[in-house]
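Please read the structure below before turning to the comments.
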Amino acid sequence: MTSFIQGFGLGGGLIVAIGAQNAFVLTQGVRRNHHLAVAALCILCDGLLIGLGVTGVGAMVSSNALLGQVAAWGGAAFLLWYGFNAFRSALKGGALNDDETATKSLKQTLMLTLGVTLLNPHVYLDTLVLMGSISGQYPLPERYVFGFGAFSASIVWFILLSLGGQLLAPAFKRDITWRMLDGAVCLTMWGIAASLIHGAITT
């Protein structure tokens, strides 16, 4: 259960940050523009990338003690930096811009979804490298439980954005909502970083 919760926390913390993909999914939900298909495609992409990270990079890390230490410290450093950026974003604030645009066809919408998802280099750093490396700290089958936790966060988040678009949009236009969200991301990232550091020290 601990590995699932940490996977869910890490996946959730990485995915809820303000970005082009989340803004796109939320605005499609607000407009009811193929929003379920958009959410399903985002979930599918995340699942494939997380799976590759856990089974590929995670397996490689778990088989090498030195690589495991490097991954643990490197992952902790990245999470501390990520949390710091979330802390700065919480201080600065933000808001959703959902200016109306013309409704697009299903094909156009899905192509845009792939663009905002797969053309972002951070998605590969987050899923293949970071989640893969951190999952390598867990023995089997906990490694897969960790990955499933991260994938579950993606499922919950994208469904929430898609189905709750009409309800969530007004809240996400408020500065305080993004401040609270970024603050929660900061605490989550720093908490997982502390866990990694503790594990690396005691190993």
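The values are calculated or read from the model by the stated rules, or taken from the named source; none is laboratory data. Just so it is clear, the model here is predicted, and its values are computed rather than measured. Heads up, the Cβs are rebuilt from the backbone with ideal geometry, glycines too, and the neighbour counts pull from every protein chain shown. We work out accessible area using only protein heavy atoms, side chains counted, and drop any ligands, DNA or RNA first. Shrake-Rupley method; radii C 1.70, N 1.55, O 1.52, S 1.80 Å.
Could you work out what % of the accessible surface of the chain is carbon and sulfur, using a 1.4 angstrom probe and leaving DNA, RNA and ligands out of the count? Could you put the intermediate results ahead of the total?
Details: 7240 of 10040 Å².
About 72 percent, which is the carbon plus sulfur part of the accessible surface.
Just to confirm the number: angle between the C-alpha axis of helix 65-92 and the first principal axis of the chain, 0 to 90 degrees, nearest 10?
Taking Cα atoms only, the helix is inclined about 40 degrees.
Mark the label point 7 Å from the Cα of Phe4 along Cα→Cβ and return the residues of segment 134-176 whose backbone N is within less than 18 Å of it.
Inside the label zone: 135, 138-157.
Once both axes come from the Cα atoms, what is the angle between helix 175-202 and the longest principal axis of the chain, in degrees from 0 to 90, rounded to 10?
10 degrees
Considering all projection directions equally, how large on average is the shadow of the alpha-carbon convex hull of the chain, in square nanometres?
Values: hull surface 42.8 nm².
The directionally averaged projection comes out at 10.7 nm².
Give me the base-10 log of I(q)/I(0) for segment 104-203 at each q in 0.12, 0.21 Å⁻¹, Debye formula, one uniform scatterer per Cα, rounded to two decimals.
Treating every Cα as an identical point scatterer, log10 I(q)/I(0) equals -0.59, -1.34.
What does the charge count around Met189 come to, taking other residues whose C-beta lies under 14 Å from its C-beta (Lys +1, Arg +1, Asp -1, Glu -1)? Working shown, then result.
Numbers: positive: Arg88; negative: Asp126, Asp182.
That sum, taken over residues with Cβ under 14 Å, equals -1.
With all pairs of different alpha carbon atoms counted, what Kirkwood hydrodynamic radius in Å does segment 39-88 show?
Computed over segment 39-88, the radius equals 12.6 Å.
Can you give me the accessible area per residue for segment 115-194, using a 1.4 Å probe, in Å²? Walk me through the numbers on the way to the answer.
On the way: 3750 Å² over 80 residues.
Value returned for segment 115-194: 47 Å² of accessible area per residue.
Tell me, in nm to one decimal, what length is gained between Arg174 and Ala59 on full extension, where the rule is 0.36 nm per residue of separation less the Cα-Cα distance? Don't jump to the answer; show the numbers that get you there.
On the way: separation 115, 0.36 × 115 = 41.40 nm, distance 4.23 nm.
Between Arg174 and Ala59, full extension yields an extra 37.2 nm.
Please list, or write none, the aspartates and glutamates whose alpha carbon is within less than 13 Å of the alpha carbon of Lys104, excluding same-chain residues fewer than 8 places away.
The reachable aspartates and glutamates, counting only those whose Cα sits under 13 Å from Lys104, number zero.
Label points 7 Å out from Cα along the Cβ direction at Ala77 and Gln108: separation in nm?
Result for the modelled spin labels: 4.5 nm.
With an 8 Å cut-off on Cα pairs and a minimum separation of 6 or more residues, tell me the relative contact order of the chain in percent.
Working: 287 pairs, mean separation 99.8, N = 203.
Relative contact order comes out at 49 percent.
Quick one: what are the phi-derived ³J(HN,Hα) couplings along segment 138-147, Karplus 6.51/-1.76/1.60 with θ = phi - 60°, whole Hz, x for glycine and proline?
9, x, 6, x, 4, 4, 6, 5, 4, x
Can you compute the helix-only [θ] at 222 nm over the chain? Use -39500 (n - 2.57) per DSSP H run of at least 4 residues, normalise by all residues, nearest 500 deg cm²/dmol. Spell out each step's value before the answer.
Working: 11 runs with 156 residues, N = 203.
Taking each H run of at least 4 residues, the total per residue is -25000 deg cm²/dmol.
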